[in-house]
Amino acid sequence: MTAPPREDIDDQGYFLEALARGIRIHHTSTLPHFQAEAPVEIRSGVLAEHALFLGAYSYISEDTRLWTPTTIGRYCSIAPNCDIGGVEHPTDWVTTHPFAWGRLPLDHWPAMRQARKSPHECLAPVAIGHDVWIGAGAFVRNGLSVGTGAIIGARAVVTRDVPPYAIVAGNPGRIIRHRFSPEIIRRLLASQWWRLDVTALDHFPLTDVERFLARIEGRMADGLAVR
């Protein structure tokens, strides 16, 4: 039997109240501690167990999991089925099972009460910069930072910090190359173009990096704020 339609969601399954604020959140996603800078989109089946901040014009695709506190900048593209900030088990203890380090509600066990006294650090936050593209099925270890402009390939396993504008792929993830020369990267970071509204960016030559930088640097030289 088909469930009756809910009055608080639209015909695509997004919450109407959030849509009114420029935030598209599918009703099948779980976001207990979510903050955003509209507009953003959270598609179906996304789970964020802890605090999540999502910058303007970013989106998180279907069935992605965020296991630790995570900040994501503006203009980011997170593909489906990613695992971000996965919980790690201790490798130098007698056991790797979470009963020993306080991740299960088993306080009636003596071992659990002892674990509370010296818990295993497993929830280090993840920081993702602006204009980052994370491909489908990628894994990002907890405690890492992913620099602005970086690309993480599909199904990559990222175990180290990713510098700005690097392209990372493979298992373990390795830097394949950088998207631009060091000088272009420096200029892009200095421009902070992601502070612009998407309508303002319509007036810039987005397909030509040199022309784009010349235009935005000219604007900055004229004393016009990038915002």
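Computed from the coordinates by the stated procedures, all read-outs in this text should not be read as laboratory data. None of these values were measured; they are calculated from a predicted model. We place every Cβ from the backbone using ideal geometry, glycine too, and count neighbours over all the protein chains shown.
Here the Karplus relation 6.51 cos²θ - 1.76 cosθ + 1.60, evaluated at θ = phi - 60°, turns the backbone of segment 73-82 into coupling constants of x, 7, 6, 8, 10, 10, 6, x, 6, 7 Hz, with x for every Gly and Pro.
Counting pairwise Cα distances across segment 180-226, what percent come out greater than 17 angstrom?
On the way: 275 of 1081 pairs.
The answer is 25 percent, as a whole percent.
Backbone amide hydrogens, once placed in the peptide plane, bring V132 within less than 5 Å of C76, S77, G149, excluding anything fewer than 5 places away on its chain.
Using mean Cβ contacts within 10 Å as the protection proxy, how do 90-98, 68-76, 27-35 order, highest first? Don't skip to the end; give the middle numbers.
Values: 90-98: 11.0, 68-76: 21.8, 27-35: 14.3.
My ranking of the peptides, most packed first, is 68-76, 27-35, 90-98.
Between A154, A166, A190, the residue with the greatest mean-square fluctuation in the GNM of the chain (Cα pairs under 10 Å linked by springs) is A190.
Entry note, the chain: the mean residue ellipticity at 222 nm calculated from DSSP H runs of n ≥ 4, each adding -39500 (n - 2.57), is -4000 deg cm²/dmol after division by the residues and rounding to the nearest 500. Between 0 and 90 degrees, the angle of helix 209-221 with respect to the longest Cα principal axis of the chain falls at about 80 degrees.
Rounded to the nearest whole Hz, the Karplus-based 3J(HN,Hα) values (6.51 cos²θ - 1.76 cosθ + 1.60, θ = phi - 60°) of segment 160-174 follow the sequence 9, 4, 10, x, x, 6, 8, 10, 10, 8, x, 9, x, x, 10, with x at glycine and proline.
Sort 37-44, 127-134 for me by packing, meaning the mean count of neighbouring Cβ atoms within 10 Å per residue, highest on top.
Numbers: 37-44: 18.6, 127-134: 22.5.
The densest-packed peptide leads the list: 127-134, 37-44.
Only one of [x] 120; [y] 178; [z] 149 was calculated from the structure for volume of the Cα convex hull per residue in Å³, and its label is [y].
If you plug the beta carbon distance of T96 and E217 into 1/(1 + (r/R0)^6) with R0 = 35 Å, you get a FRET efficiency near 0.10. Where does helix 182-191 land angle-wise versus the long Cα axis of the chain, in degrees 0 to 90, nearest 10? It works out to around 90 degrees.
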